[in-house]
Amino acid sequence: MARKDREKLPRHRPAKRPSSDVDLSRIQEKVRAGERLDLQDGVALFQSADLLTVGQLANLVRERRHGDRTFYNVNRHLNPTNVCFVGCELCAYQDKVTAPGTWSYSPEQCVELARRDYTEDVTEFHIVGGLHPHWKFPVYLEILRALKEAFPTVHLKAFTMVEIDWLARLADQSIEETLDQLTEAGLDSCPGGGAEIFAPRVHEIIAHNKITGDRWLEVAGICHRRGLRTNATMLYGHVETYEERVDHLLRLRAQQDQSGGFDCFIPLAFHPENTPFEGRMGPTDGIDDLKVIAVSRLLLDNFDHIKAYWVMLTQKIAQVALRFGADDLDGTIVDERITRAAGGVAGKGMTRRQIEDFILEAGRTPVERNTTYTEFHARAESRA
Ligand code: V47
């Protein structure tokens, strides 16, 4: 990003000063009665300094749906490339193929990488990358085909709505045709990244070249109508206000009412290192992390699962989040790169044993799931 453009970026997060004067009694009644919350309720929950009441309400909703069950999967993240010409201000990816630290793996290299730590326990590859300036649509099909051929039983959760939109444009065809070809090549579902914050004011500051929030939702709707399950995310902790967070959540809820194909919602805590925001703001704070999980659980009454993504939250916050509305942790991951590039400290992966212990220590029951939450293995005891 050019220095003059960097200078224009906001120097601080908007001040978030929760207050003890916010009255939550009407919201408590609504949650207990199972009534839908609105924009005003969502903002009040964020404004309240009473984190424990907000968390307790979210926990009530979480336990109504799932009891103590806490989901995880045995997966591996794969990023075929970190070269991306979009140049989002929020991201630590590089825009030039020749920049130091970049990679662009061939389909064979993706298979080789996946094989390196593969065990028969792995049920999912989570595949996302940048929008590579030189790759054509067939490269993406070949990556899927090569992985499916080498690992026929592994679910391929690949490509965000941003990538799907780009692939359709690369192939000069409709989203529907693109999805059909990707599915034929092995695509099983899509991850939830790239949604950022839908509000145009924020989008312009953190991801001005990326598809708009409206387009992200439209592509998700098309996936759902085509029978493809997807996830949804919200990147928080940069320049967005409480109102803009709540607007994002309510737009996801409205989309879910319409198309019903989201499995899980994942709040993503912004990491500024190696992005143009480095030096302007630090990582998010624990109070805000827990509040976002809790308010998401309370507003997204039509989403089954809220994920505490341990990579971005750290293991400690993710564990506490299991009592603040979250019921899922993502998985073993093995080789996480997006957050580490932006200063993440939680590590590259966890063993199944570590995840299960971590859930049991929170007083919850670990349940291994597949990607679409249709197969489960409950574990009373942790195991290797
Ligand atoms: O799309 C990019 C975000 C996303 C930064 O669907 C950043 O199950 C924080 O979407 N700081 C990728 N976040 C991760 C993602 C995801 C993760 C886990 C599970 C699932 C799922 C999806 O990370 C990107 C972008 O929104 N991101 N840069 C950053 N500096």
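Quick look at the numbers
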{"read-out": "Region 216-238, residues that are among the polar types (S, T, N, Q) and in contact with a Ser or Thr (Cβ under 6 Å, 6 or more places away or on another chain)", "value": "none"}
{"read-out": "Hits in region 231-258 - residues which are surrounded by fewer than 18 Cβ atoms within 10 Å (Cβ to Cβ) and among the polar types (S, T, N, Q)", "value": "GLN258"}
{"read-out": "Selected residue (only one of GLU177, GLU163 is in a helix (DSSP H, G or I), modelled with pLDDT of 95 or more and near the ligand (Cβ under 10 Å from one of its atoms))", "value": "GLU163"}
{"read-out": "Qualifying residue in region 267-281 (condition: open to solvent by less than 20 Å² (accessible area, probe 1.4 Å) and without any contact (Cβ under 8 Å) to a residue 40 or more places away in the chain)", "value": "no"}
{"read-out": "Unmet requirement for ALA207, which otherwise passes all of (1) away from the ligand (no atom under 13 Å from the Cβ); (2) among the small types (Gly, Ala, Ser); (3) in contact (Cβ under 8 Å) with a residue 24 or more places away in the chain", "value": "(1)"}
{"read-out": "Tally of residues being more than 14 Å from the ligand (Cβ to nearest atom) and either under 13 Å from the mean Cα position of the chain (by Cα) or touching a residue at least 40 places away in the same chain (Cβ under 8 Å) (or both) across region 297-319", "value": "8"}
{"read-out": "Options ALA168, ALA232; residue that is of a type in the set (Gly, Ala, Ser) and in contact with a strand residue (DSSP E or B) (Cβ under 9 Å, 6 or more places away or on another chain)", "value": "ALA232"}
{"read-out": "Lone qualifier among ARG225, ARG251, ARG245 - being touching a strand residue (DSSP E or B) at 6+ places or on another chain (Cβ under 7 Å), of a type in the set (Lys, Arg) and over 21 Å from GLY130 (Cβ atoms)", "value": "ARG245"}
{"read-out": "Residue that is nearest to the ligand (Cβ to nearest atom) [pool: residues in region 181-204 that are open to solvent by less than 70 Å² (accessible area, probe 1.4 Å) and of a type in the set (D, E, K, R)]", "value": "GLU196"}
{"read-out": "Condition met for HIS203 (at pLDDT below 95 and closer than 30 Å to LYS8 by Cα)", "value": "no"}
{"read-out": "Counted residues, region 18-37 - those being in a loop (DSSP other than H, G, I, E, B) and either charged (D, E, K, R) or open to solvent by less than 70 Å² (accessible area, probe 1.4 Å) (or both)", "value": "9"}
{"read-out": "Matching entry among GLY213, GLY221 (being more than 15 Å from the ligand (Cβ to nearest atom), in contact with a helix residue (DSSP H, G or I) (Cβ under 9 Å, 6 or more places away or on another chain) and open to solvent by less than 20 Å² (accessible area, probe 1.4 Å))", "value": "GLY221"}
{"read-out": "Check on ASP335, away from the ligand (no atom under 11 Å from the Cβ) and open to solvent by 10 Å² or more (accessible area, probe 1.4 Å)", "value": "yes"}
{"read-out": "Members of region 62-110 that are free of Cβ contacts under 8 Å to residues at least 40 places away in the same chain, of a type in the set (Val, Ile, Thr) and open to solvent by less than 50 Å² (accessible area, probe 1.4 Å)", "value": "THR102"}
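Rundown of residues vs (1) assigned to a loop (DSSP other than H, G, I, E, B); (2) touching a His at 6+ places or on another chain (Cβ under 9 Å), yes/no style:
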{"position": "CYS88", "(1), (2)": "yes, yes"}
{"position": "PRO100", "(1), (2)": "yes, no"}
{"position": "ARG115", "(1), (2)": "no, no"}
{"position": "LEU131", "(1), (2)": "yes, no"}
{"position": "HIS134", "(1), (2)": "yes, no"}
{"position": "PRO138", "(1), (2)": "no, no"}
{"position": "ARG145", "(1), (2)": "no, no"}
{"position": "GLU149", "(1), (2)": "no, no"}
{"position": "PRO152", "(1), (2)": "yes, no"}
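The values are calculated or read from the model by the stated rules, or taken from the named source; none is laboratory data. In this text, all values refer to a predicted model and were calculated from it rather than measured experimentally. Don't worry about glycine lacking a Cβ; one is built from the backbone with ideal geometry, like all the others, and counts go over all protein chains shown. Heads up: the accessible areas ignore ligands, DNA and RNA and are worked out on the full protein's heavy atoms, side chains in. Shrake-Rupley method; radii C 1.70, N 1.55, O 1.52, S 1.80 Å.
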